[in-house]
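What follows is a set of notes on a single structure, which appears directly below.
The values are calculated or read from the model by the stated rules, or taken from the named source; none is laboratory data. Everything numeric in this text was worked out from a predicted model, so none of it was measured. A quick note on method: Cβ atoms are made from the backbone with ideal geometry, for glycine too, and the neighbour counts reach across all protein chains shown. Protein only, heavy atoms only, side chains kept; ligands, DNA and RNA dropped before computing areas. Shrake-Rupley method; radii C 1.70, N 1.55, O 1.52, S 1.80 Å.
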Amino acid sequence: FKFIRYSDAVSLLSDGIPKEKYICLSFDDGFYNNLAAAEFLAKENIPCMFFINPLVVSKAYDKTFKETHCVNKLHCKPMDFLDWDGIKTLLKLGHEIGNHGFSHKRLSECTREDLHLEIRDSLTKLEEKLDQQQYHFAWCYGRENDINKEALILANALHISTASAIRGHNSL
């Protein structure tokens, strides 16, 4: 297998089934411990995609938010998150940043207004903070019942690709 950038994997898949065997890595949610993983991967010349939530990054030092977010949305013990400087460090290490929604909501439960915040406004915030123009999107929780058709249409219209946690190459 050969490790490749997430963007390169998407391009290869859009051209059909690749002839060689490739691996691309991604992490969700922007945990602070991703920075150690990113540094190790960069030393090994292994690129990685980090899907982040702008609201979570902007509240990286808010202890109450962190505890509530981890327990209620991520179903884990409270953990530290990367701030914007940490996200910029990931880019400097040669990794990619993707959109994971503004605040980690289940898109299938969002109103139309919330969908625009979670998808479009999240993308706008990433573009402002990171000075990039094109992003991939991975919806939160990653299952088919976690997104609806309206959200999928919006995500596909604004991003290079849209990803799930469903095994294999698929389209909804």
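General remarks:
- Fluctuation leader among 15, 80, 131 - the chain, Gaussian network, Cα springs under 10 angstrom: 15
- Largest first, the residues 6, 22 sort by 1.4 Å accessible area into 22, 6.
- Label-to-label distance, nm, for residues given as residue 45 and residue 23 (7 Å Cα→Cβ offset): 1.6 nm
- Most mobile of 60, 37, 138 in a GNM of the chain (Cα contacts under 10 Å): 37
- Size of charge dipole - segment 72-147 - debye, nearest 20, with Cβ of Lys, Arg +1 and Asp, Glu -1, no other charges: 180 debye
- Residue among 103, 147, 116 farthest towards the positive dipole end of segment 102-155, charges placed on Cβ: 147
- Viscosity 1.567 mPa s, temperature 4 °C, Stokes-Einstein D of segment 1-126 from Kirkwood C-alpha radius, µm²/s: 83 µm²/s
- Were the residues from residue 2 through residue 32 laid out at 0.36 nm apart, the gain over their Cα-Cα distance would be 8.1 nm.
- Among 42-52, 148-158, the order from most to least packed when residues are scored by Cβ within 10 Å on average: 42-52, 148-158
- Surface accessible to a 1.4 Å probe, per residue, for the residues of the chain, Å²: 57 Å²
- Cα-based convex hull, segment 1-63, per residue volume (Å³, whole number): 84 Å³
- Nearest-20 debye value, segment 1-127 charge dipole, Cβ charges on Lys, Arg, Asp, Glu: 180 debye
- Sulfur and carbon atoms: percent of accessible area, the chain [1.4 Å]: 50 percent
- By the equivalent-ellipsoid construction on the alpha carbon gyration tensor, segment 25-91 comes out with semi-axes of 22, 12, 9 Å, ordered largest to smallest.
- Given charges at beta-carbon only (K, R positive; D, E negative), |dipole| of segment 37-77 in Debye: 180 debye
- Sequence-separation-based contact order of segment 1-130, relative, with Cα cut under 8 Å and 6+ spacing, percent: 25 percent
- Extension gain, residue 109 to residue 79: 0.36 nm times the residue separation minus the Cα-Cα distance gives 8.3 nm.
- Residue among 30, 142, 98 with the largest mean-square fluctuation in a Gaussian network model of the chain, springs linking Cα atoms under 10 Å: 142
- DSSP finds beta bridges in the chain, and of those with both partners inside it, around 5 percent are antiparallel.
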